[in-house]
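The next block holds one structure in the form of structure tokens; read it before the comments.
Read-outs throughout are calculated quantities, based only on the coordinates presented, and are distinct from any laboratory measurement. Remember, it's a predicted structure, so these values are computed and weren't measured experimentally. Because the Cβ atoms are built from the backbone with ideal geometry, glycine has one as well, and the counts that use them run over all protein chains shown.
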Amino acid sequence: MLVEADPDPAFRQVTFSWSGDGAADVLLRLNTLSYQAHTRGDLSPLLLTRHDDGVWRLTLRLRADFRGAYAFCPSPVPLGGRRLTDQEWGDLNAAALPDESHPDILGPLPYDHTLRSVLALPDAPPEPWLAPRAGVPTGTVAEQRHTSTVLGTARRIWTYTPPGYAELDDLPVVLLFDGDDWAHCGLPTMLDNLIAERAVPPVVAIMIDALDPDSRTAELTDHPRYLRFLLEELMPWVHGQWRVTADPARTVVAGQSFGGLLAAYAGLHAPRRFGAVLAQSGSFWWPRAGDDDTTDFTDRPLITAFGTADPVPTRFYQEVGLIEQPRILVANRHLRDVLRARGYRLDYAEYHGGHDLACWRAGLPTGLIALLDR
């Protein structure tokens, strides 16, 4: 990958390169731009061209603050000029390969074994907490099984306890949906660094397994039942095993996409348990909207509830990407406006990226600092 200057300093010229044989076409899977091209039925803007030296290349003009995961998807058949079926799109993405020349690799994750490279252009939000640091004490990550009667499922729970935990008490607790992602993408290291620099106090993190994509969608959108699971089963279990606070102001519930939707629901309906909400790219358009929908989302259940219910003393950190599907960006802006109008304490951010773990890992520490360092 080669990053070069553009006549406009707000942009960069980025050339992606892939070497390999046997491909009729090579797609650059660049979050979220490749999915948008797929839904339009035209992948040609993201197809690499084979040059005389045998190397496939594509140059894109991207904003200098762009961050996103990318991979190369070689195809044995031509991809241009036609709409791919969902099966073809899935098979193409399953064959994704990382950029071997780029050191920042995301994955593999428990339910997505493809490896992706992370492109962060010079003006993208920094990630000072991501890399391990020499001399920084490390916390402990443990994996346990938890069986839920309310949900009728058993799952893994990963826990992070901070350095020196044996001498600590009444610790803030951070509850994260999609814990299978966070346990494997650097969250423990980020917490080590945040705690070492006193950006946040020592915390216990509870990372909840999403099981699989279908179970994730079904559970995270069944809000009353999942909240019962949290209140009646998970949090009593947490308090029985770890020395964590009962103070809702120091109890963070964090989620992305459908997880962000559920986190906000918990903050509204259980403020005496969850007084701090960290929502990244929340699916506040739910339960209905097309990918390109920019309708008035103020009639959606959760946004309506925030607009009509008495305000609760819950604090929010909310962020969303500028190149996400329009329904996600617009609905997040609607919720932002409702929260502000209702007097909620809200930190809000927009980043130049998509619906992307590469972006969320940059924003999660910022959200934790906003919610816990006050």
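Brief remarks follow.
- Those trypsin sites (Lys or Arg not before Pro) in segment 1-90 that DSSP places in a loop and that have at most 14 other beta carbons within 10 Å: ARG82, ARG83
- On Cα atoms only, tilt of 187-196 relative to the major axis of the chain in degrees: 60 degrees
- Restricting segment 54-103 to chymotrypsin sites (Phe, Trp or Tyr not before Pro) that sit in a DSSP loop and have at most 16 other Cβ atoms within 10 Å of their own Cβ leaves nothing.
- Computed E for ASP214/ASP170 - FRET, C-beta separation, R0 41 angstrom, nearest 0.05: 0.60
- Couplings 3J(HN,Hα) for segment 281-294, derived from phi with the Karplus relation 6.51 cos²θ - 1.76 cosθ + 1.60 (θ = phi - 60°), are 6, x, 7, 6, 6, 4, x, 8, 3, x, 4, 9, 5, 10 Hz, where x marks Gly and Pro.
- Net +/- balance of residues flanking LEU187 in space, Cβ distance below 12 Å, scoring K and R +1, D and E -1: -3
- Mean-position separation - Cα centroids, segment 58-88 and segment 165-219, in angstrom: 32 Å
- Estimated purely from DSSP H runs of n ≥ 4, each contributing -39500 (n - 2.57), the mean residue ellipticity at 222 nm for the chain is -8000 deg cm²/dmol once divided by its residues.
- Within segment 204-287, the chymotrypsin sites (Phe, Trp or Tyr not before Pro) that combine a DSSP coil assignment with at most 16 other C-beta atoms in a 10 angstrom radius are TRP242.
- One decimal place: the segment VAL312-ALA94 gains 74.1 nm when fully extended, by the rule 0.36 nm per residue minus the C-alpha distance.
- For the chain, the Stokes-Einstein estimate of translational diffusion at 20 °C and a viscosity of 1.002 mPa s comes to 99 µm²/s, using the Kirkwood hydrodynamic radius over alpha-carbon pairs.
- Estimated distance in nm for a label pair at ALA196 and THR140, the labels positioned 7 Å out from Cα along Cα-to-Cβ: 2.0 nm
- Across segment 84-100, rounded Karplus estimates of 3J(HN,Hα) from the backbone phi angles (6.51 cos²θ - 1.76 cosθ + 1.60, θ = phi - 60°) give 7, 6, 4, 5, 4, 5, x, 5, 5, 5, 5, 8, 5, 10, x, 7, 5 Hz, Gly and Pro being marked x.
- Around the Cα centre of segment 2-120, unit charges on the Cβ atoms of Lys, Arg, Asp and Glu (plus for the first two, minus for the last two) sum to a dipole of about 320 debye.
- Global size of segment 2-120: 14.1, 42 Å for Rg and Dmax (C-alpha atoms, Rg to one decimal, Dmax whole).
- Using R0 = 56 Å, the C-beta based FRET efficiency linking ARG243 and THR294 works out to 0.75.
- Magnitude of the charge dipole, segment 140-372, Cβ model with Lys/Arg +1 and Asp/Glu -1, debye to 20: 580 debye
- Each peptide in 162-168, 120-126 was scored by the mean count of other Cβ atoms within 10 Å over its residues; highest first, the order is 120-126, 162-168.
- The label-point distance for LEU84 and ARG50, in a model that sets each label 7 Å from Cα toward Cβ, rounds to 1.8 nm.
- Listed residues PRO98, THR314, PRO78: farthest to the positive end of the dipole of the chain (Cβ charges): THR314
- For ARG50, the shell of other residues with beta-carbons less than 15 Å away shows a net charge of -3, using +1 for Lys and Arg and -1 for Asp and Glu.
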